[in-house]
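Trainee: One structure, as structure tokens, below. Some questions next.
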Amino acid sequence: MRSQFLDRLHSPERPVLVFDGAMGTNLQVQELTAEDFGGPEYEGCNEYLVETKPEAVAKVHRGFLAAGADVIETDTFGGTALVLAEYDLGDRAYELNKKAAELAKSVTAEFSTPEKPRFVAGSIGPGTKLPTLGHIDFDSLRNAYVEQIEGLYDGGVDLMLVETCQDVLQIKAALNAIEDVFAKKGDRLPLMVSITMEQMGTMLVGSEIGAALSILEPYPIDILGLNCATGPDLMKEHIRYLSEHSPFVVSCVPNAGLPENIGARPITS
């Protein structure tokens with residue numbers, strides 16, 4: 001199937017596509033109650049809000065689209081059954097991911113125009129268990145991703161986004177799961193991978209940007225870049241390296257900066 005997102009990404013004028021910001025942060029400022037989350041046992045499970053208070057999630061989506069974002073991410077950063085099981089919601093992984101995708105798509109439909117189409121990225125986070133650190137075996141992680149990715153696909157996302165990646169084995173598990181789903185569906189979507197480089201200059205498990213690129217280069221990725229952990233200043237050298245060596249379109253989605261504790265409040269400079 002032809003991808004409008006890739007058409008936009010590779011259009012002759014090569015526009016800069018702007019992604020949204022932090023879902024969790026913008027849910028927190030709404031001061032949601034335990035009741036909003038469906039009860040105290042679910043408090044903090046942002047992914048469950050697409051079921052219990054979808055208007056809170058839609059408010060975040062609309063805010064970023066109104067500000068001019070081209071792409072919004074689904075409320076599914078912790079959407080694998082492995083993470084949802086911490087709230088006894090593991091058996092609802094497919095359903096919640098599908099609902100999150102459908103909700104985001106419905107909001108983009110309010111803002112999209114022929115001149116400025118809006119897109120939904122299916123957010124696939126690193127989870128809470130990394131294979132390189134021995135928290136989980138590779139196959140179990142890949143299988144958990146399959147269920148999430150199938151929900152996002154069936155919900156109608158425009159691209160898959162494997163983001164905030166801290167472990168190359170975790171990325172490979174997600175990418176293998178994505179390829180499994182694409183093969184099952186008989187079609188594929190654009191694919192974006194976003195690595196997190198810590199302040200010390202490597203991924204959490206110690207991989208440098210050159211090593212990560214070498215490992216990921218054989219995969220059919222459309223966009224490879226960085227997000228989270230640091231502000232744009234500390235991403236500069238990594239982005240320069242990708243710009244010079246990566247065969248993929250490069251993305252940069254930094255934090256606003258590193259927070260400082262000023263007057264008992266976290267302030268980002």
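Trainee: Is it the case that PHE5 is at pLDDT 95 or above and assigned to a helix (DSSP H, G or I)?
Mentor: Criteria met by PHE5.
Trainee: A further question on this structure: List every residue pair whose Cβ atoms lie under 6 Å apart, where the two residues are 6 or more positions apart in sequence or sit on different chains, the first residue falls within the stretch 128-156 and is over 20 Å from THR74 (Cα atoms) and modelled with pLDDT under 95, and the second residue, located anywhere, is surrounded by fewer than 16 Cβ atoms within 10 Å (Cβ to Cβ) and among the aliphatic types (A, V, I, L, M).
Mentor: THR132/VAL205
Trainee: Which numbered condition in (1) under 23 Å from CYS45 (Cβ atoms); (2) in contact (Cβ under 8 Å) with a residue 40 or more places away in the chain is the only one that MET160 fails?
Mentor: Only one criterion is unmet by MET160, namely (2).
Trainee: Now a separate question. Just name the residue that is farthest from ASP88 (Cα to Cα) out of those in the stretch 15-67 that are assigned to a helix (DSSP H, G or I) and of a type in the set (Ser, Thr, Tyr).
Mentor: Checking each candidate, the answer is THR25.
Rundown of residues vs (1) touching a residue at least 60 places away in the same chain (Cβ under 8 Å); (2) more than 24 Å from GLU147 (Cβ to Cβ); (3) crowded, with 21+ Cβ neighbours inside 10 Å; (4) polar (S, T, N, Q), yes/no style:
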residue: ASN26; (1), (2), (3), (4): no, yes, no, yes
residue: THR33; (1), (2), (3), (4): no, yes, no, yes
residue: GLY38; (1), (2), (3), (4): no, no, no, no
residue: GLU41; (1), (2), (3), (4): no, no, no, no
residue: GLU47; (1), (2), (3), (4): no, no, yes, no
residue: ASP75; (1), (2), (3), (4): no, no, yes, no
residue: GLY79; (1), (2), (3), (4): yes, no, yes, no
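Trainee: Oh, and also: For the stretch 54-76, state whether one or more residues are of a type outside the set (Lys, Arg), on the phi < 0 side of the Ramachandran plot and touching a Cys at 6+ places or on another chain (Cβ under 9 Å).
Mentor: No, every residue in the stretch 54-76 fails to be of a type outside the set (Lys, Arg), on the phi < 0 side of the Ramachandran plot and touching a Cys at 6+ places or on another chain (Cβ under 9 Å).
Trainee: Would you check which residues across the stretch 204-226 are farther than 19 Å from ILE178 by Cα and either β-branched (Val, Ile, Thr) or at pLDDT below 90 (or both) and list them?
Mentor: LEU204, VAL205, GLY206, ILE209
Trainee: Quick one: in the stretch 50-73, of everything that is more than 19 Å from the chain's Cα centre (by Cα) and touching a residue at least 12 places away in the same chain (Cβ under 8 Å), which residue is nearest to PRO15 (Cα to Cα)?
Mentor: Only one residue fits best here, namely ALA66.
Trainee: On the basis of being outside any loop (DSSP other than H, G, I, E, B) and basic (Lys, Arg), does LYS172 make the cut?
Mentor: Answer is yes for this residue.
Trainee: Out of all the residues in the stretch 102-129, which are of a type outside the set (Gly, Ala, Ser), buried (at least 20 other Cβ atoms within 10 Å of the Cβ) and not in a helix (DSSP H, G or I)?
Mentor: ARG118, PHE119, VAL120, ILE124, PRO126
Trainee: In this structure, does GLY201 turn out to be on the phi > 0 side of the Ramachandran plot, outside any helix (DSSP H, G or I) and of a type outside the set (Lys, Arg)?
Mentor: So GLY201 fits the description; yes.
The values are calculated or read from the model by the stated rules, or taken from the named source; none is laboratory data. Just so it is clear, the structure is predicted and the values come from calculations on it, not from any experiment. Note: ideal-geometry Cβ built from the backbone for every residue, glycine included; neighbour counts use all protein chains shown.
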